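Report on the structure given below.
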Amino acid sequence: MHSNKITIASLVVALGIIFGDIGTSPLYVLKAIMGERTITEALVLGGLSCVFWTLTLQTTLKYVILTLRADNNGEGGIFALFALLRRMKKKWLIVAAIIGGSTLLADGLITPPISVASAVEGLRIMYPHIETIPIIVAILFSLFAIQQFGTNFVGKFFGPVMLTWFAMLAVLGIGSISGNPGVLKALNPYYAYQLLVNYPKGFWLLGAVFLATTGAEALYSDLGHCGKKNIRAAWIFVKTALVLNYMGQGAWLLTLQGKQLPPDVNPFYAIMPEWFVPVGVIVATAATIVASQALISGSFTLINEAIRLNLWPKVRIKYPTIVRGQLYIPSINWLLCFGCIGVILYFKESSNMEAAYGLSIVITMIMTTLLLVNYLFMKRYPKALVYTLLVVYLVIEFSFLTANLSKFSHGGWVTLLIAGILITVMATWFLARKILNRYTEFVPLSEHLPMITELNNDLTIEKYATHLVYLTSADNPGEIESKIIHSILRKRPKRADVYWFIHVDVTDQPHTQEYIVTHIIDQKMIRIDLRLGFRDAPLINKYFRQIVEDLVINEEVEVMSRYPSLQKNHISGDFKFVVMKKYLSNDNELPLFQNVILDIYFLLKSLSLSEEKGFGLDTSNVKIEYVPIVINTFKNINLKRRV
């Protein structure tokens, strides 16, 4: 768990981890607002005013002040927020979580390319004809390639890099503002109002203005790394540096009134002294790498949470360092890698990406607003205040969404298509699990204890294992799946000295590692209820080994082999896990919707990590048993016997 204490060191760490995405937005925001328009005072001051008040209302008020209150034991993000709200039993909340999580992940495919491209394209100031695409692809590929080694070492440099970056933003901004301090008039919201109402097609400029706050959602997702106090304190410095740089770029743009911004000119680099440009490009590139790294790590965390919340198929997860919460998901890493490279090859220029960027993330923000309002209701905030916030932010965010819809044909469809695929996967996985769980039959365990006891004592049946372990989904310790009873008693009777039933309960807290032991039959049948947080890896083999060691120390179970020759030499008995793998029986006659959902589910399941590997079981001690799922059998079969 992070420390919430504010120190110089923790503030520097927050700069490196939390603010990379939103901190690199000066590279492209004003360039996107100007576009191919003729530069006027109304456009420049109005655009700056919109940016300032977007950072104030959207980033500062909604996220830094309000949303950070919704921390789940110190963790943040849309799935952590959903986990807090599960107890409200509102079915539509899962819809908001799935849409929000999917659009946030989809946005991750365009954030690294646009950030790195905007930085590297600064080289054209010194080398006008340089090919930037190979450089951008090389940087991105290298960044994804090092993920497998963990970011603990590299992460130590994130803070100093971003501290240098924000200091550079502030100094450059102040230097440019000093030549035209009148640009500070843009802090007056009057200029934003004039731009949106009176400037030709001014409302549609919100699509470019929105780029200034796209990193706010990532800021909330990274809450667990630094704590809300450090984020809020660091944001004061970050916002000041951002505003100064935006104003500095605006001061320079005011010198171009009546002209258009040349295609290869970026206001961010234009305010730099010529001798400083090479340094600026290096620092900007380093900052965009940090921003990309934070987003990649955030994507790993999102997928891990989705798996634990039964919203994503199980995939291989590695833990490259001993740092808690740091993980690496190979499949997601390389999907992101080739997706980002594909984005670069498709759009080619950062200016083309600007036209597509932001459409999906605004949908995430709307979903977060809906979830946040329910959180405030749950915490009994005054209803008048909550409804006011709901109306204000839905108006703001739907305005951004409407303006961003103009980006659909310019490439915004790319992120929406990806988000649609992710939504389909999450919704299918969730709905299929609901369908299958509905038809899982549980039976009272007490009714079958006499038969299992007789089996245990029946020496005519060959012993299957000393310790036989089943994973059960039964929440009630007094119940068990009928398929497990069938496996023990009917599907080759399995005589064992000790039967173990392990139930994994995913809690609403991010990190929980607890267990409860129930002795159903002393020394012969034991149930373990393992409680894990939604961010904790289900390493069942590892946890089970520790639990058994604890029980042996407490003399609650005997693990020595029951074979005399082995027991004499103090040889431990064997442990065998039985994993029940479901498949859809051909005897089903399902409605079309359920049939499609289950077909997609089992296709995804065949491509995902197996149950035994997903639970971290030692595959040499695992027996897979296939269990047919029969939901609705065929009716009215006209089969006749011929004489």
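Observations on the structure shown:
- Given charges at Cβ of Lys, Arg, Asp, Glu: the chain dipole, positive-most of Gly101, Ile597, Phe347: Ile597
- In a DSSP loop and with at most 11 other Cβ atoms within 10 Å, the chymotrypsin sites (Phe, Trp or Tyr not before Pro) in the stretch 435-472 are Tyr439.
- Cα extents of the stretch 396-513 along the three principal axes, largest first (Å): 75, 28, 24
- Gyration tensor over the Cα atoms of the stretch 489-615: the corresponding equivalent ellipsoid has semi-axes (square roots of 5 times the eigenvalues, largest first) of 34, 21, 13 Å.
- Compactness index (Cα Rg / 2.2 N^0.38 Å), the stretch 360-454: 1.83
- Largest to smallest principal axis extent of the C-alpha atoms in the chain, angstrom: 97, 65, 54
- Entry for the stretch 69-148 at q = 0.17 Å⁻¹: log10 I(q)/I(0) = -0.79, Debye formula applied to identical alpha-carbon scatterers, no solvent contribution.
- Shown is the FRET efficiency for Ile461 and His570, computed with R0 = 22 Å from the Cβ-Cβ distance and rounded to the nearest 0.05: 0.25.
- Surface per residue (accessible, 1.4 Å probe) for the stretch 389-514, Å²: 45
- Shape metrics for the stretch 318-403, restricted to C-alpha atoms - Rg then Dmax, Å: 19.1, 50
- The heavy atoms of Arg232 present about 80 square angstrom of accessible area, all protein chains included, probe 1.4 Å.
- Here the Karplus curve 6.51 cos²θ - 1.76 cosθ + 1.60, taken at θ = phi - 60°, turns the phi angles of the stretch 380-391 into couplings of 6, 5, x, 4, 4, 5, 5, 5, 4, 4, 4, 5 Hz, with x standing for Gly and Pro.
- Exceedance of the 19 Å cut-off in Cα-Cα distance is limited, within the set Lys31/Lys407; Lys89/Lys605; Lys491/Lys623; Lys491/Lys605, to Lys89/Lys605; Lys491/Lys605.
- Ratio of Rg to Rh over the stretch 177-299 (Cα coordinates, Kirkwood Rh, two decimals): 0.99
- From the largest down, the stretch 137-242 spans 53, 33, 30 angstrom on the principal axes of its Cα atoms.
- Computed from phi, the 3J(HN,Hα) profile of the stretch 346-361 under the Karplus parametrisation 6.51, -1.76, 1.60 (θ = phi - 60°) reads 7, 8, 6, 10, 4, 5, 6, 6, 4, 5, 10, 7, x, 5, 7, 5 Hz, with x in place of Gly and Pro.
- Förster radius 22 Å - calculated FRET efficiency between Trp413 and Val596 (Cβ-Cβ, nearest 0.05): 0.35
- Among Gln249, Ala14, Leu327 the positive-end extreme of the charge dipole of the chain (Cβ point charges): Leu327
- Distant-in-sequence amide H partners of Ile480 (H built 1.01 Å from N, under 5 Å): Val443, Leu445
- Distant-in-sequence amide H partners of Val315 (H built 1.01 Å from N, under 5 Å): Leu609
- Distant-in-sequence amide H partners of Lys623 (H built 1.01 Å from N, under 5 Å): Phe577, Val578, Val579
- What you get for the stretch 188-334, charging only the Cβ of Lys and Arg (+1) and of Asp and Glu (-1), is a dipole of about 560 debye around the Cα centre.
- Projecting the Cα atoms of Ser25, Gln523, Ile133 onto the charge dipole of the chain, computed from C-beta unit charges around the Cα centre, puts Gln523 farthest toward the positive end.
- Note on surface exposure: Ser565, Ser360, Ser297 rank Ser565, Ser297, Ser360 by accessible area, highest first, 1.4 Å probe.
- Accessible area per residue in Å² at 1.4 Å probe, computed on the stretch 179-337: 39
- Each Lys and Arg contributes +1 and each Asp and Glu -1, all at the Cβ; summed about the Cα centre of the stretch 1-127, the dipole is approximately 660 debye.
- Label positions at Arg86 and Ala138, each projected 7 Å from the Cα along the C-beta direction, are separated by 4.7 nm.
- Apolar share of the accessible surface for the chain: 61 percent from carbon plus sulfur atoms, 1.4 Å probe.
- Computed magnitude of the charge dipole of the chain (debye, nearest 20; Cβ of K, R +1, Cβ of D, E -1): 1020
- Two-decimal ratio, the stretch 23-128, of alpha-carbon radius of gyration to 2.2 N^0.38 Å: 1.46
- 18 Å tail of the calculated P(r), the stretch 222-293, as % of Cα pairs: 58
- Relative contact order for the chain: 19 percent, from Cα pairs under 8 Å spaced at least 6 residues apart, divided by residue count.
- Relative contact order of the stretch 476-616, defined on C-alpha pairs under 8 angstrom at six or more residues apart (%): 17
The values are calculated or read from the model by the stated rules, or taken from the named source; none is laboratory data. Worth saying up front: this structure is predicted, and the values here are computed from it rather than measured. Because the Cβ atoms are built from the backbone with ideal geometry, glycine has one as well, and the counts that use them run over all protein chains shown. Just so you know, the surface numbers come from the protein's heavy atoms only, side chains and all, with ligands and any DNA or RNA stripped out. Shrake-Rupley method; radii C 1.70, N 1.55, O 1.52, S 1.80 Å.
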